[in-house]
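The values are calculated or read from the model by the stated rules, or taken from the named source; none is laboratory data. Bear in mind the structure is a predicted one, so any value in this text is a computation, not a measurement. We place every Cβ from the backbone using ideal geometry, glycine too, and count neighbours over all the protein chains shown.
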């Protein structure tokens with residue numbers, strides 16, 4: 001979910017012309033790219049034989065949802081990298097010009113190469129606007145299709161918990177929900193580490209908190225709908241599945257998911273006393289934990305539903321699996337840290353543009369000129 005939602009959130013904010021999106025979009029786009037890279041590496045790890053990865057493409061059955069998933073994720077990763085790079089070109093040109101002779105040789109070469117001859121003339125700005133417009137329109141259906149195709153790996157089977165036509169919409173909503181949460185956490189960390197309080201203000205956290213609360217309500221609806229439909233039909237295996245969730249060994253985690261991960265964020269976002277940066281970040285942490293639990297439930301509790309009249313299997317993660325999870329989180333943090341050392345996490349030209357467009361009540365234009373300072377801070 002985290003790896004799929006950031007670029008989608010950014011595209012939706014751009015399409016809706018949300019004025020407050022400026023400090024959010026690039027962070028969201030990069031969270032998607034980094035998480036996709038880390039997530040795709042786990043597919044290779046799960047194969048057990050990375051040398052046989054090409055066999056997926058050579059001998060894979062095109063009727064299989066797994067092949068659809070590989071193609072969808074590859075397409076989305078390519079589109080997300082493009083969508084991250086294109087709006088960054090003006091900032092790369094700014095870095096190239098302002099840091100010439102003040103940075104290392106390899107960094108100067110990097111900025112010159114990635115800026116691809118940007119000089120900021122009107123024709124280039126028109127081309128940039130057209131390219132961003134096309135990309136943000138394309139990225140939305142691509143992102144939605146990726147979430148839907150991922151759900152098909154489960155929904156195309158006949159196992160009781162997964163046999164649902166709602167799974168596609170459920171995965172899309174869950175991806176955006178968890179993506180907003182991790183975006184809030186990353187924003188809070190970078191805001192504190194790089195002193196970006198002037199740009200990532202409390203207003204941005206509150207607005208993202210509202211979005212997170214809205215998708216929490218959608219997730220509550222989706223869960224009620226799924227549980228109600230399965231419970232009404234009560235097919236074979238559903239009673240066992242409900243019992244393990246509501247009353248048995250998974251009950252504590254399941255109730256934390258419902259109450260702490262879905263209901264609590266709505267309360268935090270609506271109560272004025274908790275509607276601040278700390279409250280929204282706390283809600284985002286709850287959502288991140290809850291959505292990880294929800295993914296765990298989808299796989300583990302679904303596979304525990306017996307297909308034969310035998311004792312259901314039990315599962316506990318081994319130290320190897322916990323180590324791989326820790327390695328994935330460490331790689332995610334490392335890539336974000338490396339990115340912040342090379343590129344601005346906030347779009348400098350968009351900040352300058354939004355400040356030029358912002359007019360005070362008395363009609364005076366607000367002062368700008370923060371772009372160079374942001375560029376210099378990001379390059380340190």
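In the set 243, 278, 304, which member is farther than 21 Å from residue 168 by Cα, assigned by the TED database to the domain that holds residue 197 and within 22 Å of the chain's Cα centre (by Cα)?
278
Pull out all pairs, ordered by first then second residue, where Cβ-Cβ is under 6 Å, the residues are six or more apart or on different chains, the first lies in the range 136-151 and is more than 18 Å from residue 166 (Cα to Cα), and the second is in a helix (DSSP H, G or I) and at pLDDT 85 or above. Pairs that qualify, where the first residue is more than 18 Å from residue 166 (Cα to Cα) and the partner is in a helix (DSSP H, G or I) and at pLDDT 85 or above, are 139/79; 139/83; 142/76; 142/79. You will find that of 311, 350, 321, the residue that is part of a loop (DSSP other than H, G, I, E, B), at pLDDT 75 or above and not assigned by the TED database to the domain that holds residue 40 is 311 and no other.
Evaluating residue 176 against the criteria (1) within 30 Å of residue 282 (Cα to Cα); (2) not in a helix (DSSP H, G or I) leaves one unmet condition, (2). Selection of the range 261-281 for residues being free of Cβ contacts under 8 Å to residues at least 60 places away in the same chain and either surrounded by fewer than 17 Cβ atoms within 10 Å (Cβ to Cβ) or on the phi > 0 side of the Ramachandran plot (or both) yields 263, 267, 270, 271, 272, 273, 274, 278.
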